[in-house]
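What follows is a single structure, written as structure tokens, with notes after it.
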Amino acid sequence: MRNIMVKLTTSLFAVLGMALLVVLVGAGEEARMATREANFEARAIENGAAIFAENCAGCHGIQGKGIPGVAPALNSPEFFKTRLQEVGWQGSLRSFIESTVNAGRPVGSGQYSAKMATWGQEYGGPLRPDQIRDVASFILNWEKQYVAVAAATPTPAPTPTPLPPDADPVTIGKAVYQAQGCAGCHGVPYQAPAVVGPSLEGLANRAGTTVAGQSAEDYIRTSILNPNAYIVPQCPTGPCQANLMPQNYGQILSPQELDALVQYLLTLK
Amino acid sequence: MGVLQDVSEQIRKDGVVGFSLKQLDTFITRVTTGMNWNDLRALARGDEPRRPNPRLQVHSESFVFHIKPSYYHESVTKLTHTFRLGLLSTYFFFLEIITGVFLMIFYAPTPERAYGDMLKIMSGVPFGEFMRDIHRLAAEGMVIVVTLHMVRTFLTGSYKKPRQFTWLTGVILLLATLFMSFSGYLLPWDQLAYWAVTIGTSMADKAPPPAVGNAAKLLLLGAPSIGANGLLRFYLLHVLFVPLLIVFVFFVHYYKVVRVGISLPASEEEVGQDTAKRVPADKRRYYLPDIFTDEMMVLGVVTFVLLAMIVFNIYPGAPLEHHANPNKTPLHTEAPWYFLWIQGLLKLGDPTLMGVILPTLVFAFLAIIPYIDFNPSRRAKDRRVAISLFMVALAGFVVLTWMGTPHFLVESPPAEEVVQLMLPEEKAGPVRQTEWYKLTVGEWDTRSDNATASFELQKLMHHYAHLIEEEHAKALEKGLEGLPNGYGKMIIEDWQPGLKKVTMRVFWTGKDGTEQTFEKSFYIHEEAGYARH
């Protein structure tokens with residue numbers, strides 16, 4: 001090809017075009033980086049949610065509301081406001097969560113008798129450092145729920161289904177079961193396996209014959225009010241232990257709620 | 001003092017402007033190793049050079065230009081003769097070095113840091129994602145261009161005497177290019193990387209005899225499975241060893257190309273003739289300015305197209321999946337597209353035979369083609385066997401590539417497949433691509449009309465139902481039981497501020513007549529940004 005000028009002009013335009021594209025990218029970089037950062041933080045929360053459901057919900061409750069006598073609530077205003085002062089932690093809440101998850105809590109304190117395992121790989125647990133960061137992101141995301149109330153444009157917080165007053169007792173009992181975090185230890189019968197306490201699947205079939213002289217209903221009621229009266233031999237992680245289940249449901253539950261819960265458990269055949 | 005006097009005398013003679021211009025001209029002549037301003041103008045206008053030709057001096061004075069021949073045979077300079085594929089291969093390699101060094105600044109090859117560094121490159125480094133996309137696209141481009149370069153050389157019979165050794169070094173460069181791509185694949189340390197490379201290195205393990213295979217794998221990974229050592233070794237191979245090898249073999253390759261010249265079209269040159277080297281004066285096309293400007297233009301346009309593909313999202317961007325997790329095998333593991341043919345082979349039988357021996361034979365055969373092809377002609381009409389062989393190889397490559405994809409001989413339970421299609425473990429999938437606000441909270445069923453759901457969610461539920469039918473039909477075709485009376489539920493719950501939990505549940509009637517279910521839960525955050533991509 002003899003027309004050198006055409007080739008040179010084309011090259012020049014290509015270079016100018018490239019420069020234009022680079023400027024175009026550069027102009028949007030700030031916004032793009034901010035979006036990406038938000039994306040990755042959001043995906044960290046997604047990952048954290050799955051890790052929490054798999055590893056933490058068993059003791060801290062599916063919604064992080066805590067299980068009395070087992071593990072404290074993380075999804076509560078107090079956790080975000082006063083927790084650091086209580087324990088005298090100097091760093092940020094994130095660093096408190098991450099190091100607690102990583103190294104565990106070797107000593108059960110106060111009303112929480114159970115010890116927290118070391119979850120970090122660094123301490124012999126199953127979670128990688130990035131997974132611990134993700135689960136901390138998930139836990140910290142609950143805070144928005146409590147800030148949102150005061151904010152001008154509140155994000156709608158998850159609303160627990162209110163109980164209809166004239167509902168069927170089994171339905172109410174099921175709701176009580178969820179609200180009290182029973183699932184944290186006993187799983188959701190036929191949906192999620194039990195983690196700490198004995199599985200309740202098929203409970204109605206064996207409740208009448210477990211303790212001589214007690215009807216199924218009596219046995220279930222006694223077991224809720226006084227868990228140590230009879231200890232089931234086999235739990236998911238070995239022999240069941242006394243004093244693990246809270247012994248104050250008599251004060252927590254109203255008589256109606258207790259009745260409803262028993263009715264619900266009697267349907268687990 | 002003498003110098004100053006000289007200068008002031010010259011200024012007096014030529015004036016300040018004239019003197020400055022003269023100095024500028026001297027400067028230009030030095031930079032261009034012999035061409036002054038008028039020579040450059042003549043070059044750009046396509047005029048004949050003055051005598052002695054200053055354009056030839058550039059080739060002896062400048063290191064960069066001395067690598068290039070000062071003239072070519074007219075017949076090889078047409079774009080359609082070589083498509084400039086060799087030039088493009090080299091160019092992509094240098095583009096990879098530039099973008100690669102940029103990425104190296106922000107990356108540390110340890111399992112603790114690698115993935116986080118990728119996130120930082122994409123979210124905290126200006127032009128970080130852009131550079132990564134160029135690096136990835138140019139890498140894939142390089143594999144394509146190097147392969148096409150080889151195809152062109154084969155089809156024109158240019159590998160024949162005296163260019164056998166050039167071809168052999170070309171095969172080494174092809175292998176090195178493939179290995180560059182493969183070793184780079186592991187570095188992001190995501191699920192895609194981890195599992196694709198696990199397949200790859202398990203092939204090294206299968207090399208016969210077992211002691212050798214095991215040693216090869218241990219040498220590559222530094223451990224029985226991929227971990228910190230493997231990542232470091234792949235990194236060093238990727239950024240140091242293989243690039244140095246490529247630079248070395250490239251110079252051997254290119255020296256041969258210049259030494260024996262690019263082959264003329266078959267009609268003008270018999271095998272073994274040295275026509276390309278002894279170019280008659282009237283057939284000469286000089287590098288400066290003709291070929292040089294050709295190359296500028298080709299590279300300029302190709303680079304522009306490459307960047308435009310990224311800026312305008314024609315290229316979807318280099319993927320990044322979840323953090324590598326040795327405990328979580330993805331439902332489908334797919335090799336990079338240029339290795340799918342090997343994955344296809346692997347599905348056909350014994351991994352030692354199909355994954356190691358056969359591919360090795362293929363490349364060994366490629367390497368020795370010029371030494372076993374005794375056909376003295378380069379004309380297509382005399383090369384029926386060779387060209388038919390190429391066609392068969394091409395067809396085989398296409399079929400094997402298809403067989404490498406999950407469409408072929410991969411049986412995963414249909415219910416799991418449905419959920420994977422709706423809400424894949426990696427990538428976006430239709431549910432995540434739906435606007436977050438349109439995922440109406442509630443329990444939705446493919447059998448009902450879901451009247452209270454958003455319109456987008458209703459469409460999703462239709463798609464869900466459709467997928468269940470489709471997977472059922474596919475399973476029946478394979479002689480499996482499929483999903484009789486299948487239906488699906490999607491339970492969407494508010495989980496946290498900005499976070500929804502989506503549970504996919506597929507129901508069907510099992511062999512014994514009872515209802516079976518498959519269930520999987522996902523969490524979707526409104527800011528996750530899947531809908532945009």
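The values are calculated or read from the model by the stated rules, or taken from the named source; none is laboratory data. Remember, it's a predicted structure, so these values are computed and weren't measured experimentally. Note that each Cβ is placed from the backbone with ideal geometry, even for glycine, and that neighbours are counted across all protein chains shown.
Within region A:46-62, the residues that satisfy the criterion of being surrounded by fewer than 21 Cβ atoms within 10 Å (Cβ to Cβ) and either touching a Pro at 6+ places or on another chain (Cβ under 8 Å) or away from chain B (no Cβ under 12 Å) (or both) are A:Asn55, A:Cys59.
Residues of region B:325-357 that are surrounded by fewer than 17 Cβ atoms within 10 Å (Cβ to Cβ) and free of Cβ contacts under 8 Å to residues at least 40 places away in the same chain: B:Asn327, B:Gly349, B:Asp350, B:Leu353.
Here region B:449-473 is the region considered, the condition is being exposed (fewer than 14 other Cβ atoms within 10 Å of the Cβ) and not in a loop (DSSP other than H, G, I, E, B), and the residue that is farthest from the chain's Cα centre (by Cα) is B:Phe455.
Output the helices (runs of 4 or more DSSP H) that fall wholly within region B:76-168 and possess 3 or more residues being over 28 Å from B:Arg379 (Cα atoms) and within 14 Å of chain A (Cβ to nearest Cβ), or say none.
Of the helices (runs of 4 or more DSSP H) lying wholly inside region B:76-168, those with at least 3 residues that are over 28 Å from B:Arg379 (Cα atoms) and within 14 Å of chain A (Cβ to nearest Cβ) span B:85-105, B:114-124, B:128-155.
Considered as a group, the residues in region B:280-304 that are under 17 Å from A:Asn3 (Cβ atoms) and not in a helix (DSSP H, G or I) include one that is nearest to the other protein chains (Cβ to nearest Cβ), and that residue is B:Arg285.
Considering only region A:63-71, I want to know if a residue exists there that is touching a strand residue (DSSP E or B) at 6+ places or on another chain (Cβ under 9 Å), crowded, with 17+ Cβ neighbours inside 10 Å and farther than 27 Å from B:His323 by Cα. The answer is yes; a qualifying residue exists. Of the residues A:Ala38, A:Ala27, which is small (Gly, Ala, Ser) and under 19 Å from B:Leu119 (Cα atoms)? It is A:Ala38.
Filtered by the rule that a residue be buried (at least 17 other Cβ atoms within 10 Å of the Cβ) and either within 21 Å of B:Phe154 (Cβ to Cβ) or in contact with a helix residue (DSSP H, G or I) (Cβ under 6 Å, 6 or more places away or on another chain) (or both), region B:56-71 gives B:Val58, B:His59, B:Phe65, B:Lys68, B:Pro69, B:Ser70. Within region B:87-109, the presence of at least one residue that is within 30 Å of A:Arg36 (Cβ to Cβ), among the acidic types (Asp, Glu) and either touching a helix residue (DSSP H, G or I) at 6+ places or on another chain (Cβ under 8 Å) or surrounded by 21 or more Cβ atoms within 10 Å (Cβ to Cβ) (or both) is confirmed. Applying the condition of being among the aliphatic types (A, V, I, L, M) and outside any helix (DSSP H, G or I) to region A:254-269 and asking which residue is surrounded by the most Cβ atoms within 10 Å (Cβ to Cβ) yields A:Leu266. When B:Gly128, B:Gly157 are checked against the criterion of being closer than 24 Å to A:Gly28 by Cβ and buried (at least 22 other Cβ atoms within 10 Å of the Cβ), B:Gly128 stands alone in meeting it.
The requirement of being under 28 Å from the mean Cα position of the chain (by Cα), aliphatic (A, V, I, L, M) and surrounded by 17 or more Cβ atoms within 10 Å (Cβ to Cβ) is fulfilled somewhere in region B:262-275, by at least one residue.
Hey, can you tell me all the residues within region B:420-448 that are without any contact (Cβ under 8 Å) to a residue 60 or more places away in the chain and buried (at least 19 other Cβ atoms within 10 Å of the Cβ)? Passing the criteria: B:Trp444, B:Thr446. Filtering A:Val87, A:Val101 for residues that are more than 14 Å from chain B (Cβ to nearest Cβ) and crowded, with 18+ Cβ neighbours inside 10 Å leaves a single hit, A:Val101.
Looking across region A:126-156, just one residue is modelled with pLDDT under 85, surrounded by fewer than 19 Cβ atoms within 10 Å (Cβ to Cβ) and touching a strand residue (DSSP E or B) at 6+ places or on another chain (Cβ under 8 Å), and that is A:Pro156. For region A:13-45, the set of residues classified as within 8 Å of another protein chain (Cβ to nearest Cβ) and in contact (Cβ under 8 Å) with a residue 12 or more places away in the chain consists of A:Glu41, A:Ile45, listed by residue number.
Restricted to region B:518-532, and to residues there that are part of a strand (DSSP E or B) and touching a residue at least 60 places away in the same chain (Cβ under 8 Å), the residue that is nearest to the other protein chains (Cβ to nearest Cβ) is B:His525. When B:Leu320, B:Leu307 are screened for being facing another protein chain (nearest Cβ under 10 Å), under 30 Å from A:Ser11 (Cα atoms) and within 30 Å of the chain's Cα centre (by Cα), only B:Leu307 passes. For region B:214-228, the criterion of being buried (at least 17 other Cβ atoms within 10 Å of the Cβ) and either within 21 Å of the chain's Cα centre (by Cα) or not assigned by TED's automatic domain parsing to the domain that holds B:Phe92 (or both) is satisfied by no residue at all. If you check B:Phe19, B:Phe27 for being touching a Lys or Arg at 6+ places or on another chain (Cβ under 9 Å), away from chain A (no Cβ under 14 Å) and in a helix (DSSP H, G or I), only one passes: B:Phe19.
The set of residues in region B:474-517 being within 14 Å of chain A (Cβ to nearest Cβ) and not in a strand (DSSP E or B) consists of B:Pro497, B:Gly498, B:Thr514.
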